[in-house]
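Right, one structure below, let's go through it.
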Amino acid sequence: MKPMQQIRGISAVCLLAVPLALSGCGLFGSESASIDAPPPEVEAQMLQTSGDTTLDSGVFGPVAQDDAQTAVKGSTKTSKGTASGDRTTVFLEDGNGLLAPVSLSLPKSKDSTALKNSLMALVSKGEYTSSLPEGFQGVLPAGTEVKHITVDKSNLAVVEFNSEFNNYDPLEERKILEAITWTLTGQDDIKSVQLWVDGKKLTEMPLQRTPLDRPLSRTMGINLPKQGPLLMNSSAVTVYFSTTSPDGTQYYVPVTRFVPAGQEQLTAALNELIAGPESGNGLEMVMTQGTILDSVDAGQNGVVTVSLTDDMFADGKGVPAEMLESVVLTVAQNSDDSLVQIRLNGKESITDTDNVDYSKPVSAPEYLNELPL
(Lines give C-alpha, C1' and ligand atoms only; values in the text may rest on other atoms or scores of the structure.)
Protein backbone atom coordinates (compact mmCIF):
# COMPACT_ATOMS: atom_id res chain seq x y z
CA MET A 1 0.00 0.00 0.00
CA LYS A 2 1.44 3.33 -0.96
CA PRO A 3 1.42 6.17 1.60
CA MET A 4 -0.59 9.25 0.89
CA GLN A 5 1.30 12.27 -0.35
CA GLN A 6 1.80 14.73 2.47
CA ILE A 7 2.10 18.49 2.63
CA ARG A 8 4.36 19.50 5.50
CA GLY A 9 6.36 22.34 6.84
CA ILE A 10 3.90 25.15 6.09
CA SER A 11 2.75 27.66 8.65
CA ALA A 12 -0.57 26.60 10.16
CA VAL A 13 -1.71 30.20 10.35
CA CYS A 14 -0.92 30.72 6.69
CA LEU A 15 -2.62 27.53 5.56
CA LEU A 16 -5.76 27.94 7.60
CA ALA A 17 -6.20 31.43 6.22
CA VAL A 18 -6.03 30.39 2.59
CA PRO A 19 -8.91 28.59 0.88
CA LEU A 20 -8.05 25.56 -1.23
CA ALA A 21 -9.50 26.82 -4.34
CA LEU A 22 -7.88 29.72 -5.63
CA SER A 23 -7.51 31.70 -8.74
CA GLY A 24 -5.60 30.28 -11.64
CA CYS A 25 -2.63 32.16 -10.29
CA GLY A 26 -1.49 28.88 -8.90
CA LEU A 27 -1.79 25.22 -8.31
CA PHE A 28 -5.19 25.28 -6.73
CA GLY A 29 -7.55 25.89 -9.61
CA SER A 30 -8.61 28.35 -12.26
CA GLU A 31 -12.25 29.09 -11.71
CA SER A 32 -12.32 31.49 -8.74
CA ALA A 33 -10.61 34.61 -9.98
CA SER A 34 -12.06 36.66 -7.13
CA ILE A 35 -10.22 34.62 -4.48
CA ASP A 36 -6.70 35.50 -3.50
CA ALA A 37 -3.88 33.37 -4.87
CA PRO A 38 -2.10 30.95 -2.51
CA PRO A 39 1.24 31.90 -0.99
CA PRO A 40 4.23 30.77 -3.07
CA GLU A 41 5.29 28.30 -0.38
CA VAL A 42 2.02 26.38 -0.81
CA GLU A 43 2.69 26.08 -4.53
CA ALA A 44 6.24 24.94 -3.87
CA GLN A 45 5.20 22.31 -1.35
CA MET A 46 2.65 20.75 -3.69
CA LEU A 47 5.11 20.55 -6.55
CA GLN A 48 7.85 19.16 -4.32
CA THR A 49 5.45 16.39 -3.41
CA SER A 50 4.59 15.97 -7.07
CA GLY A 51 8.18 15.21 -7.87
CA ASP A 52 8.15 12.12 -5.66
CA THR A 53 7.18 9.65 -8.34
CA THR A 54 7.31 6.70 -5.96
CA LEU A 55 3.89 7.80 -4.70
CA ASP A 56 2.26 7.61 -8.15
CA SER A 57 -0.22 4.75 -8.38
CA GLY A 58 -1.69 5.61 -11.76
CA VAL A 59 -5.31 5.79 -12.76
CA PHE A 60 -5.72 2.09 -13.49
CA GLY A 61 -4.37 -0.96 -11.71
CA PRO A 62 -2.20 -3.67 -13.28
CA VAL A 63 -3.72 -6.35 -15.48
CA ALA A 64 -6.31 -8.40 -13.66
CA GLN A 65 -6.24 -12.13 -13.11
CA ASP A 66 -7.91 -14.25 -15.77
CA ASP A 67 -11.06 -14.84 -13.72
CA ALA A 68 -11.56 -11.16 -12.95
CA GLN A 69 -14.43 -9.30 -14.56
CA THR A 70 -14.33 -5.81 -16.00
CA ALA A 71 -16.24 -3.36 -13.85
CA VAL A 72 -17.18 -1.05 -16.70
CA LYS A 73 -19.01 -2.56 -19.64
CA GLY A 74 -17.30 -2.48 -23.01
CA SER A 75 -13.81 -1.75 -21.72
CA THR A 76 -10.77 -3.62 -23.02
CA LYS A 77 -8.38 -5.11 -20.50
CA THR A 78 -4.67 -5.08 -21.26
CA SER A 79 -1.61 -4.51 -19.12
CA LYS A 80 -1.21 -0.95 -17.85
CA GLY A 81 0.19 1.49 -20.36
CA THR A 82 -0.20 -0.68 -23.45
CA ALA A 83 -2.46 0.11 -26.36
CA SER A 84 -5.44 -2.00 -27.33
CA GLY A 85 -6.75 -1.29 -30.80
CA ASP A 86 -6.52 2.41 -31.44
CA ARG A 87 -7.69 3.81 -28.11
CA THR A 88 -5.74 6.46 -26.22
CA THR A 89 -6.87 8.09 -22.98
CA VAL A 90 -6.33 11.85 -22.75
CA PHE A 91 -7.49 14.43 -20.22
CA LEU A 92 -9.86 17.02 -21.66
CA GLU A 93 -11.80 19.90 -20.17
CA ASP A 94 -15.52 19.22 -19.89
CA GLY A 95 -18.44 21.61 -19.80
CA ASN A 96 -18.04 22.05 -16.04
CA GLY A 97 -14.45 23.22 -16.39
CA LEU A 98 -13.09 19.94 -14.98
CA LEU A 99 -10.52 17.62 -16.53
CA ALA A 100 -11.84 14.18 -17.38
CA PRO A 101 -10.18 11.12 -18.93
CA VAL A 102 -11.60 10.44 -22.40
CA SER A 103 -10.64 7.48 -24.57
CA LEU A 104 -10.14 8.54 -28.19
CA SER A 105 -9.30 6.84 -31.46
CA LEU A 106 -5.90 8.32 -32.37
CA PRO A 107 -3.17 7.07 -34.71
CA LYS A 108 -0.88 4.51 -33.06
CA SER A 109 2.79 3.76 -33.57
CA LYS A 110 5.67 2.11 -31.75
CA ASP A 111 7.73 5.28 -31.34
CA SER A 112 7.09 8.62 -29.66
CA THR A 113 4.54 9.61 -32.33
CA ALA A 114 1.77 8.03 -30.25
CA LEU A 115 2.74 10.15 -27.26
CA LYS A 116 2.85 13.25 -29.45
CA ASN A 117 -0.61 12.49 -30.79
CA SER A 118 -2.03 12.20 -27.27
CA LEU A 119 -0.70 15.68 -26.43
CA MET A 120 -1.80 17.13 -29.76
CA ALA A 121 -5.33 16.02 -28.85
CA LEU A 122 -5.09 18.54 -25.99
CA VAL A 123 -4.49 21.50 -28.33
CA SER A 124 -7.38 23.92 -28.69
CA LYS A 125 -8.61 24.05 -32.30
CA GLY A 126 -5.95 21.49 -33.19
CA GLU A 127 -5.84 18.69 -35.72
CA TYR A 128 -7.79 16.29 -33.50
CA THR A 129 -10.58 18.66 -32.50
CA SER A 130 -13.06 16.77 -34.69
CA SER A 131 -12.19 13.58 -32.79
CA LEU A 132 -13.32 14.99 -29.44
CA PRO A 133 -16.77 14.24 -28.01
CA GLU A 134 -19.32 17.02 -27.81
CA GLY A 135 -18.78 19.24 -24.78
CA PHE A 136 -15.05 18.52 -24.42
CA GLN A 137 -12.04 20.58 -25.45
CA GLY A 138 -8.27 20.64 -25.14
CA VAL A 139 -6.56 23.11 -22.82
CA LEU A 140 -3.27 23.74 -24.65
CA PRO A 141 -3.13 27.02 -26.59
CA ALA A 142 -4.04 27.00 -30.27
CA GLY A 143 -0.94 26.59 -32.41
CA THR A 144 0.95 24.53 -29.83
CA GLU A 145 3.16 21.85 -31.38
CA VAL A 146 5.01 18.97 -29.76
CA LYS A 147 8.54 19.16 -31.16
CA HIS A 148 10.06 16.21 -29.29
CA ILE A 149 9.23 13.61 -26.64
CA THR A 150 11.81 11.30 -25.11
CA VAL A 151 11.35 8.78 -22.29
CA ASP A 152 14.40 7.81 -20.24
CA LYS A 153 15.16 4.69 -18.20
CA SER A 154 13.53 6.18 -15.11
CA ASN A 155 10.27 6.56 -17.06
CA LEU A 156 10.60 10.34 -17.18
CA ALA A 157 8.98 11.88 -20.26
CA VAL A 158 10.76 15.02 -21.49
CA VAL A 159 8.41 17.07 -23.69
CA GLU A 160 9.48 20.01 -25.84
CA PHE A 161 6.81 22.39 -27.13
CA ASN A 162 7.12 25.30 -29.54
CA SER A 163 6.79 28.88 -28.30
CA GLU A 164 3.02 28.93 -28.90
CA PHE A 165 2.75 26.88 -25.71
CA ASN A 166 3.40 30.12 -23.80
CA ASN A 167 0.28 31.84 -25.19
CA TYR A 168 -2.18 30.49 -22.66
CA ASP A 169 -4.68 32.16 -20.36
CA PRO A 170 -2.88 32.66 -17.02
CA LEU A 171 -5.93 31.27 -15.21
CA GLU A 172 -5.47 27.98 -17.07
CA GLU A 173 -1.88 27.38 -15.94
CA ARG A 174 -2.64 24.75 -13.30
CA LYS A 175 -5.12 22.96 -15.55
CA ILE A 176 -2.57 22.77 -18.39
CA LEU A 177 -0.03 21.10 -16.10
CA GLU A 178 -2.62 18.60 -14.90
CA ALA A 179 -3.80 17.72 -18.41
CA ILE A 180 -0.27 17.11 -19.73
CA THR A 181 0.86 15.13 -16.69
CA TRP A 182 -2.19 12.92 -16.33
CA THR A 183 -2.36 12.23 -20.06
CA LEU A 184 1.26 11.11 -20.35
CA THR A 185 1.47 9.17 -17.09
CA GLY A 186 -1.33 6.91 -18.28
CA GLN A 187 0.85 5.60 -21.13
CA ASP A 188 3.94 3.42 -21.57
CA ASP A 189 4.55 3.23 -17.81
CA ILE A 190 5.56 6.91 -17.76
CA LYS A 191 5.94 8.06 -14.17
CA SER A 192 6.78 11.75 -14.46
CA VAL A 193 7.00 14.64 -16.91
CA GLN A 194 9.45 17.46 -17.57
CA LEU A 195 8.62 20.44 -19.83
CA TRP A 196 10.80 22.32 -22.33
CA VAL A 197 9.98 25.14 -24.76
CA ASP A 198 12.10 25.82 -27.85
CA GLY A 199 15.20 24.08 -26.53
CA LYS A 200 15.04 25.47 -22.99
CA LYS A 201 14.03 23.56 -19.88
CA LEU A 202 11.23 25.26 -17.94
CA THR A 203 12.08 25.86 -14.30
CA GLU A 204 8.78 27.66 -13.85
CA MET A 205 5.69 28.31 -15.93
CA PRO A 206 6.03 31.51 -17.97
CA LEU A 207 2.98 33.48 -16.79
CA GLN A 208 2.01 32.66 -13.20
CA ARG A 209 5.48 31.32 -12.33
CA THR A 210 4.34 27.96 -11.04
CA PRO A 211 7.64 26.28 -10.03
CA LEU A 212 8.82 23.37 -12.18
CA ASP A 213 12.07 22.65 -10.38
CA ARG A 214 11.35 18.92 -10.42
CA PRO A 215 9.37 16.56 -12.68
CA LEU A 216 5.59 16.41 -12.36
CA SER A 217 3.69 13.24 -11.50
CA ARG A 218 0.10 12.36 -10.66
CA THR A 219 0.77 13.07 -7.02
CA MET A 220 0.23 16.74 -7.94
CA GLY A 221 -3.50 15.93 -7.93
CA ILE A 222 -6.24 16.90 -10.33
CA ASN A 223 -9.41 19.02 -10.13
CA LEU A 224 -8.56 20.29 -6.65
CA PRO A 225 -11.36 21.69 -4.47
CA LYS A 226 -12.24 25.35 -4.83
CA GLN A 227 -13.12 25.92 -1.20
CA GLY A 228 -12.29 24.78 2.30
CA PRO A 229 -9.14 25.15 4.41
CA LEU A 230 -5.88 23.44 3.53
CA LEU A 231 -4.91 21.55 6.66
CA MET A 232 -1.38 21.48 7.99
CA ASN A 233 0.19 18.06 7.47
CA SER A 234 -2.68 17.04 5.20
CA SER A 235 -2.66 14.17 2.75
CA ALA A 236 -4.13 13.91 -0.73
CA VAL A 237 -6.44 11.22 -2.10
CA THR A 238 -8.13 11.12 -5.50
CA VAL A 239 -11.68 9.83 -5.93
CA TYR A 240 -14.01 9.37 -8.92
CA PHE A 241 -17.43 10.96 -9.20
CA SER A 242 -19.75 10.81 -12.20
CA THR A 243 -21.60 13.26 -14.40
CA THR A 244 -23.23 13.27 -17.84
CA SER A 245 -22.15 14.65 -21.20
CA PRO A 246 -24.39 16.93 -23.30
CA ASP A 247 -25.78 13.88 -25.13
CA GLY A 248 -26.67 12.20 -21.83
CA THR A 249 -23.76 9.74 -21.67
CA GLN A 250 -22.40 9.11 -18.18
CA TYR A 251 -18.69 9.52 -17.54
CA TYR A 252 -16.30 9.64 -14.59
CA VAL A 253 -14.15 12.50 -13.30
CA PRO A 254 -11.21 12.26 -10.84
CA VAL A 255 -11.11 14.80 -8.01
CA THR A 256 -8.29 15.25 -5.49
CA ARG A 257 -9.27 15.86 -1.88
CA PHE A 258 -7.20 16.76 1.17
CA VAL A 259 -7.64 14.83 4.41
CA PRO A 260 -5.80 14.97 7.75
CA ALA A 261 -2.47 13.15 7.60
CA GLY A 262 -2.19 9.75 9.20
CA GLN A 263 -5.42 8.26 7.89
CA GLU A 264 -5.32 4.96 6.01
CA GLN A 265 -5.34 5.91 2.33
CA LEU A 266 -8.12 3.73 0.96
CA THR A 267 -10.39 4.34 3.94
CA ALA A 268 -9.89 8.10 3.61
CA ALA A 269 -10.53 7.99 -0.14
CA LEU A 270 -13.72 5.96 0.14
CA ASN A 271 -15.05 8.18 2.93
CA GLU A 272 -14.51 11.18 0.62
CA LEU A 273 -16.40 9.31 -2.09
CA ILE A 274 -19.30 8.80 0.30
CA ALA A 275 -19.17 12.46 1.34
CA GLY A 276 -19.88 13.42 -2.27
CA PRO A 277 -18.73 16.17 -4.63
CA GLU A 278 -18.66 19.90 -4.00
CA SER A 279 -21.92 21.63 -4.80
CA GLY A 280 -22.06 23.56 -8.02
CA ASN A 281 -19.27 21.75 -9.89
CA GLY A 282 -21.57 19.59 -12.01
CA LEU A 283 -20.59 16.27 -10.44
CA GLU A 284 -23.15 13.85 -9.02
CA MET A 285 -23.39 11.87 -5.81
CA VAL A 286 -22.51 8.23 -6.45
CA MET A 287 -23.49 7.02 -3.00
CA THR A 288 -26.76 7.44 -1.12
CA GLN A 289 -27.10 9.36 2.12
CA GLY A 290 -27.39 6.01 3.87
CA THR A 291 -24.18 4.46 2.55
CA ILE A 292 -21.75 3.43 5.30
CA LEU A 293 -18.18 2.17 4.86
CA ASP A 294 -17.81 -0.78 7.22
CA SER A 295 -14.25 -1.84 6.39
CA VAL A 296 -11.47 -1.93 3.82
CA ASP A 297 -9.25 -4.99 3.74
CA ALA A 298 -6.16 -5.04 1.51
CA GLY A 299 -5.73 -8.77 1.90
CA GLN A 300 -3.69 -11.36 0.11
CA ASN A 301 -3.65 -12.21 -3.60
CA GLY A 302 -3.83 -8.54 -4.63
CA VAL A 303 -7.54 -8.16 -3.80
CA VAL A 304 -8.93 -5.20 -1.88
CA THR A 305 -12.23 -6.00 -0.18
CA VAL A 306 -14.55 -3.06 0.39
CA SER A 307 -17.51 -3.70 2.72
CA LEU A 308 -20.43 -1.29 2.54
CA THR A 309 -23.83 -1.09 4.18
CA ASP A 310 -26.79 0.53 2.45
CA ASP A 311 -30.31 -0.49 3.39
CA MET A 312 -31.66 0.79 0.08
CA PHE A 313 -30.13 -2.23 -1.67
CA ALA A 314 -30.85 -5.01 0.81
CA ASP A 315 -31.07 -7.72 -1.84
CA GLY A 316 -27.88 -6.67 -3.65
CA LYS A 317 -29.70 -6.24 -6.97
CA GLY A 318 -30.19 -3.16 -9.09
CA VAL A 319 -27.36 -1.29 -7.39
CA PRO A 320 -26.52 1.87 -9.39
CA ALA A 321 -23.65 1.16 -11.77
CA GLU A 322 -22.00 4.51 -10.99
CA MET A 323 -21.91 3.61 -7.28
CA LEU A 324 -19.95 0.39 -7.78
CA GLU A 325 -17.79 1.63 -10.64
CA SER A 326 -16.71 4.68 -8.66
CA VAL A 327 -15.61 2.42 -5.82
CA VAL A 328 -13.50 0.33 -8.20
CA LEU A 329 -11.93 3.38 -9.85
CA THR A 330 -11.19 5.03 -6.51
CA VAL A 331 -9.54 1.91 -5.09
CA ALA A 332 -7.46 1.48 -8.26
CA GLN A 333 -6.30 5.10 -8.05
CA ASN A 334 -5.19 4.87 -4.45
CA SER A 335 -3.70 1.38 -4.31
CA ASP A 336 -1.34 -0.97 -6.10
CA ASP A 337 -4.01 -3.66 -5.93
CA SER A 338 -5.78 -4.16 -9.22
CA LEU A 339 -8.71 -6.27 -8.07
CA VAL A 340 -11.63 -5.08 -5.95
CA GLN A 341 -14.15 -7.27 -4.15
CA ILE A 342 -17.25 -5.35 -3.06
CA ARG A 343 -19.49 -6.59 -0.30
CA LEU A 344 -22.81 -4.86 0.22
CA ASN A 345 -24.85 -5.57 3.36
CA GLY A 346 -22.62 -8.56 3.96
CA LYS A 347 -23.32 -10.08 0.52
CA GLU A 348 -20.93 -10.70 -2.38
CA SER A 349 -23.74 -11.44 -4.84
CA ILE A 350 -24.23 -7.98 -6.32
CA THR A 351 -25.64 -6.94 -9.69
CA ASP A 352 -25.66 -3.36 -10.92
CA THR A 353 -28.17 -1.52 -13.10
CA ASP A 354 -26.13 -2.44 -16.20
CA ASN A 355 -26.48 -6.14 -15.27
CA VAL A 356 -22.76 -6.41 -14.46
CA ASP A 357 -22.10 -9.18 -11.93
CA TYR A 358 -19.86 -8.18 -9.02
CA SER A 359 -19.84 -11.57 -7.32
CA LYS A 360 -16.14 -11.94 -8.17
CA PRO A 361 -13.30 -9.41 -7.85
CA VAL A 362 -13.27 -6.81 -10.61
CA SER A 363 -10.63 -4.44 -11.96
CA ALA A 364 -10.71 -0.94 -13.36
CA PRO A 365 -10.91 -0.67 -17.16
CA GLU A 366 -7.85 0.02 -19.27
CA TYR A 367 -9.80 2.69 -21.15
CA LEU A 368 -12.28 4.90 -19.35
CA ASN A 369 -15.03 7.11 -20.73
CA GLU A 370 -15.33 5.90 -24.32
CA LEU A 371 -17.81 8.60 -25.29
CA PRO A 372 -19.64 8.93 -28.61
CA LEU A 373 -18.59 11.78 -30.90
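The values are calculated or read from the model by the stated rules, or taken from the named source; none is laboratory data. Just so you know, these numbers come straight off a predicted model, no measurement behind them. All Cβ positions, even for glycine, are placed from backbone atoms using ideal geometry, and neighbour counts span all protein chains on display. Side chains included, ligands, DNA and RNA excluded: accessible areas come from the protein's heavy atoms. Shrake-Rupley method; radii C 1.70, N 1.55, O 1.52, S 1.80 Å.
I'd like the antiparallel share, as a percent to the nearest 5, of DSSP beta bridges with both residues in segment 134-204. Intermediate results must be reported in sequence, preceding the final value.
Working: 7 of 13 bridges.
The antiparallel proportion sits near 55 percent.
Place a +1 charge on the Cβ of each Lys and Arg in segment 190-280 and a -1 charge on the Cβ of each Asp and Glu, then give the dipole magnitude about the Cα centre in debye, rounded to the nearest 20. Don't jump to the answer; show the numbers that get you there.
Details: 8 positive and 7 negative charges, 66 e Å.
So the dipole magnitude of segment 190-280 works out to roughly 320 debye.
In debye, nearest 20: dipole of segment 107-218 around its Cα centre with unit charges on the Cβ of K, R (+) and D, E (-)? Working shown, then result.
On the way: 14 positive and 16 negative charges, 59 e Å.
Dipole of segment 107-218, to the nearest 20 debye: 280 debye.
How many nm is it between the label spots at HIS148 and ARG209, if each spot is 7 Å from the Cα in line with the beta carbon?
My value for the distance between the label points is 2.9 nm.
What residues have an amide H closer than 5 Å to that of MET205, excluding those fewer than 5 places away on the same chain, when H is modeled at 1.01 Å from N in the peptide plane?
Correct list: THR210, LEU212.
Might you tell me the accessible area per residue for segment 141-181, computed with a 1.4 Å probe and given in Å²? Each step should come with its number before you reach the end.
On the way: 1630 Å² over 41 residues.
Result: 40 Å² per residue.
Provide the net charge surrounding SER245, with neighbours chosen by a C-beta distance below 11 Å and charges set as Lys +1, Arg +1, Asp -1, Glu -1.
Working: positive: none; negative: ASP94, GLU134, ASP247.
Result for the local shell: -3.
For ASP247 and ASP294 in the same chain, what is the full-extension length gain: residue separation times 0.36 nm, less their Cα-Cα distance, in nm?
Values: separation 47, 0.36 × 47 = 16.92 nm, distance 3.64 nm.
Extra length from ASP247 to ASP294 when fully extended: 13.3 nm.
How large a share of the accessible area of segment 310-373, in percent, is made up of carbon and sulfur atoms when the probe is 1.4 Å and the other protein chains stay in place? If you can, show how the numbers build up before the last one.
Values: 1020 of 2290 Å².
Solvent-exposed carbon and sulfur of segment 310-373 make up 45 percent of the total.
Would you mind getting the accessible area per residue of segment 215-336, heavy atoms of the protein chains only, 1.4 Å probe, in Å²?
Numbers: 4270 Å² over 122 residues.
With all protein chains present, segment 215-336 gives 35 Å² per residue.
Taking the DSSP beta bridges in segment 128-275 as the whole, what percent of them are antiparallel, to the nearest 5? Please list the in-between numbers first.
Details: 20 of 26 bridges.
Antiparallel bridges: around 75 percent, rounded to the nearest 5.
Just grab the label-to-label distance for ASN301 and ASP315, each label 7 Å out from Cα along the Cβ direction, in nm (one decimal).
2.9
What percentage of the solvent-accessible surface of segment 102-208, computed with a 1.4 Å probe over protein heavy atoms, is contributed by carbon and sulfur atoms?
Details: 2100 of 4480 Å².
That share works out to 47 percent.
Quick check on segment 217-373: of the DSSP beta bridges with both residues there, what percent are antiparallel, nearest 5%?
Of those bridges, close to 75 percent are antiparallel.
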